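**Student:** The structure that follows is given in the form of structure tokens.
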Amino acid sequence: MDPKSWKESFAMVQRVVLPPDTNVFGNLYGGRLMEWIDNVASISAFKHSRSKVVTGSIDSLYFLTPIKMGDIVTIESKIDYVTRETMEVETTVFTEDHNTAVKRFATRAFLTYVAVDDLGKPVQVPDLKIETEEDRTRWDEGARRSEHRKKQLKEIKQFPPKF
Ligand SMILES: CC(C)(COP(=O)(O)OP(=O)(O)OC[C@H]1O[C@@H](n2cnc3c(N)ncnc32)[C@H](O)[C@@H]1OP(=O)(O)O)[C@@H](O)C(=O)NCCC(=O)NCCS
């Protein structure tokens, strides 16, 4: 498999916040934003791997500013780091007041997708091309997060909650 640049799997979507997307305060419901983030990020994972993918994990998500009904939400996603069978996708979310055009940074999330075959068994993904210093920095930071995630995954598998 030939390595691919993050540019080949970059994805972006814009949505306007409508009444069914809001909570009782007229702000975008957090669960809805998570769904949008997962959807856009999965496009990057699909484009990079060109195979089926499942969401493995979503790192901590901090909602930094309320997103109001009528706001225009922009979500961008790009691959920062890959392992043999996983892809870490960085998503950034901005919100724009449709009247004033004032833009605010709303949140950022790192999602890990696992590429799988028809039976749900993990399969290999292409390497990520590193073309610039910035790509290298994002790769190195992704590698650190990946190590941390692997430890967390091991712990949660080792000590599952009782039910
Ligand atoms: C994700 C899944 C396919 C992994 O299967 P598995 O047999 O446990 O996979 P493995 O232990 O062989 O791990 C394969 C790779 O995935 C990584 N991985 C496995 N589970 C992961 C998770 N939950 N989050 C992040 N990475 C994960 C492993 O670290 C390994 O990475 P590597 O390429 O660095 O070696 C499986 O646990 C699954 O189907 N989970 C449910 C996914 C789902 O339903 N998501 C929500 C709906 S899309």
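Values quoted throughout were computed directly from the atomic coordinates according to the rules given, and no laboratory measurement underlies them. Not measured: the values here are computed from a predicted model. Cβ placement follows ideal geometry from the backbone for every residue including glycine, while neighbour counts extend to all protein chains displayed.
**Student:** So if I place +1 on the C-beta of Lys and Arg and -1 on the C-beta of Asp and Glu, and nothing else carries charge, what would the dipole magnitude of the chain be about its Cα centre? I want it in debye, nearest 20.
**Tutor:** 480 debye
**Student:** Taking θ = phi - 60°, what integer Hz values does the Karplus form 6.51 cos²θ - 1.76 cosθ + 1.60 yield along the stretch 58-75, in sequence order, with x for Gly and Pro?
**Tutor:** 10, 6, 3, 10, 10, 8, 8, 8, x, 10, 8, 4, x, 5, 9, 9, 10, 10
**Student:** I need the calculated FRET efficiency for the pair E8 and S57, taking r as the beta carbon distance and R₀ as 25 Å, to the nearest 0.05.
**Tutor:** Step by step, r from the Cβ atoms, then E = 0.60.
**Student:** From the phi angles alone, apply the Karplus equation (6.51, -1.76, 1.60; θ = phi - 60°) to the stretch 104-113 and give each ³J(HN,Hα) in whole Hz, x where the residue is Gly or Pro.
**Tutor:** 10, 6, 9, 5, 9, 9, 10, 10, 10, 10
**Student:** If r is the Cβ-Cβ distance from K47 to D97 and R0 is 30 Å, what FRET efficiency results, to the nearest 0.05?
**Tutor:** That gives a FRET efficiency of 0.45.
**Student:** Too long at a 26 Å Cα-Cα cut-off: which of K121/K154; K47/K157; K47/K151; K47/K150; K52/K157; K4/K121?
**Tutor:** K47/K157; K47/K151
**Student:** Next up: Can you tell me the Rg and the Dmax, both Å, for the Cα atoms in the stretch 6-158?
**Tutor:** Values for the stretch 6-158 (Cα only, Rg and Dmax): 16.4, 51 Å.
**Student:** By how many degrees, 0 to 90 and rounded to 10, does the Cα axis of helix 30-49 deviate from the longest principal axis of the chain?
**Tutor:** The two axes meet at around 40 degrees.
**Student:** What is the helix-to-structure angle for 133-158, meaning the angle in degrees between its Cα long axis and the longest Cα principal axis of the chain, kept from 0 to 90 and rounded to the nearest 10?
**Tutor:** Relative to the chain, helix 133-158 is tipped by roughly 80 degrees.
**Student:** Cut-off under 18 Å on the C-alpha distance; same-chain residues fewer than 8 positions from K103 excluded. Which aspartates and glutamates are left, in chain and number order?
**Tutor:** D71, E76
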